[in-house]
Amino acid sequence: MATAAAASHHNPGKKGSSDSGIVPPVLKVYDPPKELEREPLVLNNRSLGWITDSIAGICENPMPKWWWPVFVLSAGGMMLMFSLVAYLISTGVGVWGLNQPADWAWDITNFVFWIGIGHAGTLISAVLFLLRQKWRTSINRAAEAMTLFAVACAGIFPVVHTGRVWFALYPGFLFPVPNANAIWPQFRSPLLWDVFAVSTYGTVSLLFWYVGLIPDLATLRDRAKTLIRKFAYGLFSLGWTNSNRHWSNYEKAYLIFAGLSTPLVLSVHSIVSFDFAVSQVPGWHTTIFPPYFVAGAIFSGFGMVLTLLIPMRSLFGLEDIITKRHIELMCKVILATGSIVGYAYGMEFFIAWYGGSPYELYAFKNRAFGPYAWAYWSMITCNVISPHLFWSRKLRTWPLFVWFVSIVVNIGMWFERFVIIVTSLHRDYLPSSWGYFTPSWVDVFTFVGSFGLFMTLFLLFIRFLPAIAISEVKAVTPQADPHHPLGGAKGHH
Amino acid sequence: MSNSSSRPHGLLAEFETPAAVMDAAILCRDAGFSKWDVYTPFPIHGMDEAMGLRKSPVGWFTFAGGCTGFFTGMTMIWFMNKFDYPLVVGGKPLFTPLFAFPVSYEMTILLGAFGTLFGMLFLNRLPRLHNPLLKVERFKRASNDRFFICIEAADSKYASEATRQFLAETCHATAVEYVEE
């Protein structure tokens, strides 16, 4: 336990070894060398009260001036998207650029793109929690929120791509209810697994996020000045009192949520990849897809986390909580997952050749040198080359540069999904059914508008909810540790 | 402040550091109080042992939820694709646990998560719309930067003056306050 570890750390000389001839009365303890010292997670020895004030203050004070124009722009994008979705539903999927054989294109590309972005939030909140990566506390709340909003954006595309959405919803093939002929959906199809995976993912992410929010909502309730705030935060904090008997169950529940979300996040993008891998289409029918999709999802998700948090930390003056060390560590995750993605690109080509299937080999040659070569090489530039810039510590700790690369990563990951989907479809087995996909203006602006929806939700989140997990950040500071001098520990141990 | 017509809820003691409240919690545990609690803005490592709490049973709710989810998934798919309307698709079997697994797996996690959340809330008796402590001005800092212990008047060992002295002098609380129901 930490108690024993902390005590023995300060008292290393008490139990000398007795088997050697000379028993030293006191062991000499050297301080660790400077370069091994870790930067603290919260800089400048900020007090607990400062942490509360600076995080809760964001959603209590009026929003800064930049917030309104950005919000209006985002809300405009959101309205544009909803208008185009209404246009699509009222007219038909013909308003998109889809054709035969490319009957999946931007719609499913956007779906996989957004779902992938969501993965970073769960990875940060669940996997890094199980791995005891304490730095996650500064970024997990915003990343989880980002996950929810990305899943919301993702969910729209597979629903509207069916065209007659009322058939998809009820009595539908997306839900386990029988259709007009009393036929049930058939569960041998990965498309239906996908419905369950994504809806479970959205729901569990929401619950996990809400569980994490309860203590912070109680903080906002205790600080609330207006009646509406007192009521709203009071209602949603469920009467939380920070009781240790409650914390005990809460922490167990939090640990279990992390344990449930970890296999969930790995399964979701695996199942998304089954949408392709279980089919017979050359370029899709590969066993590398599940791990490759998961790595790509984490890669793009961390890209989006950095895209959002680097401006947020400087606009709200949170540099002491989201430090350069946090940015650097996220860059390392991008480097690791980006290398896995690059490896997967290479391995796909190797297997296409080694597998000996002429169709498979053709699909890959066509990907790199066919009519979509421009998309393929954009993807390679963004995803294979850009993460390797992060081998340099100087570049990893240069926020503006990292922000730029994070956008490049997201562009690259959008292209990856486009390349996988469209280049595999546009060359069918028979040359008579070959085609080329060009997006229509509705395709383009629906996708652009989905960023509006995403940003609108994120800006509202910053406005009304604590964007950083207040109680969790406090818990990783030295003043929260009863065995640390800053936590009130007496000198004797 | 104390009004003879209102019932006492208990005594609230304030501490400034995690170490101070931890030491006080050990004293309260050893004094044999049963209806008392520690209030801290974040969970303090080792406080469960200091209070003498048992391990949280939330995991059983997760287990129940997860099992329900898995068997609901399997049964649902068997009912729909094999029992109620058997329809051969692609020459595949009408039901095997293999193709039913991904959906059942997701259902396991989904209901396991609901079990965890509602189990945690049930064990904590939340949501609770009224709590006398939340009326105390001083207690607002329990969610900010102060640490509290409350010994309830319902405790069999509670004796208002002796307990106040115990908290103030033995436990070295920086402030002790009576809380009314």
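Determine whether A:Phe454 is in a helix (DSSP H, G or I) and out of contact with any Lys or Arg (no Cβ under 8 Å at 6 or more places or on another chain). Against the criterion (in a helix (DSSP H, G or I) and out of contact with any Lys or Arg (no Cβ under 8 Å at 6 or more places or on another chain)), A:Phe454 qualifies.
Taken over region A:46-83, residues that are within 14 Å of another protein chain (Cβ to nearest Cβ) and in a helix (DSSP H, G or I) amount to 10. For region A:262-297, filtering for residues that are in contact (Cβ under 8 Å) with a residue 40 or more places away in the chain, within 19 Å of the chain's Cα centre (by Cα) and facing another protein chain (nearest Cβ under 8 Å) leaves 3. Scanning region B:46-58 for residues that are touching a Leu at 6+ places or on another chain (Cβ under 9 Å) and assigned to a helix (DSSP H, G or I) turns up B:Met47, B:Val58.
Okay, residues lined up against (1) in a helix (DSSP H, G or I); (2) at pLDDT below 95:
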| position | (1), (2) |
| --- | --- |
| A:Asp428 | no, yes |
| A:Ser432 | yes, yes |
| A:Val444 | yes, no |
| A:Gly449 | yes, no |
| A:Leu459 | yes, no |
| A:Leu486 | yes, yes |
| A:Lys490 | no, yes |
| A:His493 | no, yes |
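In region B:54-65, the condition of being over 20 Å from A:Gly259 (Cβ atoms), in contact with a helix residue (DSSP H, G or I) (Cβ under 7 Å, 6 or more places away or on another chain) and of a type outside the set (Gly, Ala, Ser) is met by no residue. Filtered by the rule that a residue be at the interface with another protein chain (Cβ under 9 Å from one of its Cβ atoms) and in contact with a helix residue (DSSP H, G or I) (Cβ under 8 Å, 6 or more places away or on another chain), region B:77-94 gives B:Ile77, B:Leu87. Of all residues in region A:367-411, those being loosely packed, with under 14 Cβ neighbours inside 10 Å and among the charged types (D, E, K, R) number 2. Among residues of region A:415-441 that are closer than 12 Å to A:Gln100 by Cβ, those with a beta-carbon under 6 Å from a residue that is assigned to a helix (DSSP H, G or I) at least six positions away or on a different chain give the pairs A:Phe437/A:Val422. Could you tell me whether any residue of region A:118-128 is at pLDDT 85 or above, closer than 30 Å to A:Val444 by Cβ, within 14 Å of another protein chain (Cβ to nearest Cβ) and within 25 Å of the chain's Cα centre (by Cα)? Yes, because at least one residue in region A:118-128 is at pLDDT 85 or above, closer than 30 Å to A:Val444 by Cβ, within 14 Å of another protein chain (Cβ to nearest Cβ) and within 25 Å of the chain's Cα centre (by Cα).
Of everything in region B:16-45 that is small (Gly, Ala, Ser) and not in a loop (DSSP other than H, G, I, E, B), the residue that is farthest from the other protein chains (Cβ to nearest Cβ) is B:Ala31.
Yes/no per residue for (1) in contact with a Phe, Trp or Tyr (Cβ under 7 Å, 6 or more places away or on another chain); (2) over 16 Å from A:Phe458 (Cβ atoms):
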{"site": "A:Trp135", "(1), (2)": "no, yes"}
{"site": "A:Ala145", "(1), (2)": "yes, no"}
{"site": "A:Leu148", "(1), (2)": "yes, no"}
{"site": "A:Cys153", "(1), (2)": "yes, no"}
{"site": "A:Pro158", "(1), (2)": "yes, yes"}
{"site": "A:Ala168", "(1), (2)": "no, yes"}
{"site": "A:Leu174", "(1), (2)": "no, yes"}
{"site": "A:Pro185", "(1), (2)": "yes, yes"}
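Taken over region B:49-63, the criterion of being farther than 20 Å from B:Leu126 by Cα and touching a residue at least 40 places away in the same chain (Cβ under 8 Å) is satisfied by B:Phe63 alone. If I filter region A:91-104 for residues that are of a type in the set (Ser, Thr, Tyr), assigned to a helix (DSSP H, G or I) and in contact (Cβ under 8 Å) with a residue 60 or more places away in the chain, do I get at least one hit? Taking every residue of region A:91-104 in turn, none turns out to be of a type in the set (Ser, Thr, Tyr), assigned to a helix (DSSP H, G or I) and in contact (Cβ under 8 Å) with a residue 60 or more places away in the chain.
Only a single item in (1) surrounded by 14 or more Cβ atoms within 10 Å (Cβ to Cβ); (2) modelled with pLDDT under 95 is not met by B:Leu129, and it is number (1). Tell me, please, whether a residue that is more than 21 Å from A:Val112 (Cα to Cα) and away from chain B (no Cβ under 14 Å) can be found in region A:168-188. Yes. Pairs are defined by a Cβ separation below 9 Å, a sequence spacing of at least 6 or placement on different chains, a first member in region B:72-91 that is part of a helix (DSSP H, G or I), and a second member that is among the charged types (D, E, K, R); the pairs so defined are B:Gly73/B:Glu106; B:Asn81/A:Arg188. Among the residues of region B:101-156, how many are farther than 27 Å from B:Ala19 by Cα, in a loop (DSSP other than H, G, I, E, B), facing another protein chain (nearest Cβ under 8 Å) and not hydrophobic (A, V, I, L, M, F, W, C)? Residues that pass the stated criteria total 3.
Determine whether region A:245-252 contains at least one residue that is under 23 Å from the mean Cα position of the chain (by Cα), farther than 30 Å from A:Pro290 by Cβ and either hydrophobic (A, V, I, L, M, F, W, C) or at the interface with another protein chain (Cβ under 10 Å from one of its Cβ atoms) (or both). The answer is yes, given that some residue of region A:245-252 is under 23 Å from the mean Cα position of the chain (by Cα), farther than 30 Å from A:Pro290 by Cβ and either hydrophobic (A, V, I, L, M, F, W, C) or at the interface with another protein chain (Cβ under 10 Å from one of its Cβ atoms) (or both).
Considered as a group, the residues in region A:130-164 that are in a loop (DSSP other than H, G, I, E, B) and hydrophobic (A, V, I, L, M, F, W, C) include one that is surrounded by the most Cβ atoms within 10 Å (Cβ to Cβ), and that residue is A:Ile139.
With the requirement that a residue be under 28 Å from the mean Cα position of the chain (by Cα) and either over 16 Å from B:Gly73 (Cα atoms) or surrounded by fewer than 16 Cβ atoms within 10 Å (Cβ to Cβ) (or both), what does region A:174-190 give you? Matches in region A:174-190: A:Phe175 only. In the set B:Asp37, B:Asp48, only one residue is touching a Lys or Arg at 6+ places or on another chain (Cβ under 6 Å) and either under 25 Å from A:Val473 (Cα atoms) or in the same structural domain as B:Ala20 (by TED's automatic domain parsing) (or both); that residue is B:Asp37. Against the list (1) touching a helix residue (DSSP H, G or I) at 6+ places or on another chain (Cβ under 7 Å); (2) surrounded by fewer than 19 Cβ atoms within 10 Å (Cβ to Cβ); (3) assigned to a helix (DSSP H, G or I), the condition A:Pro291 fails is (1). Within the bounds of region A:388-408, is there any residue that is aromatic (Phe, Trp, Tyr), part of a loop (DSSP other than H, G, I, E, B), within 27 Å of A:Arg141 (Cα to Cα) and more than 14 Å from chain B (Cβ to nearest Cβ)? Yes: region A:388-408 contains one or more residues that are aromatic (Phe, Trp, Tyr), part of a loop (DSSP other than H, G, I, E, B), within 27 Å of A:Arg141 (Cα to Cα) and more than 14 Å from chain B (Cβ to nearest Cβ). Looking only at residues in region A:437-492 that are in contact with a Gly (Cβ under 7 Å, 6 or more places away or on another chain) and polar (S, T, N, Q), the one that is surrounded by the fewest Cβ atoms within 10 Å (Cβ to Cβ) is A:Thr438.
The values are calculated or read from the model by the stated rules, or taken from the named source; none is laboratory data. Since this is a predicted model, take the numbers as computed values, not measurements. Please note: Cβ atoms are built from the backbone with ideal geometry, for glycine as well, and neighbour counts cover all protein chains shown.
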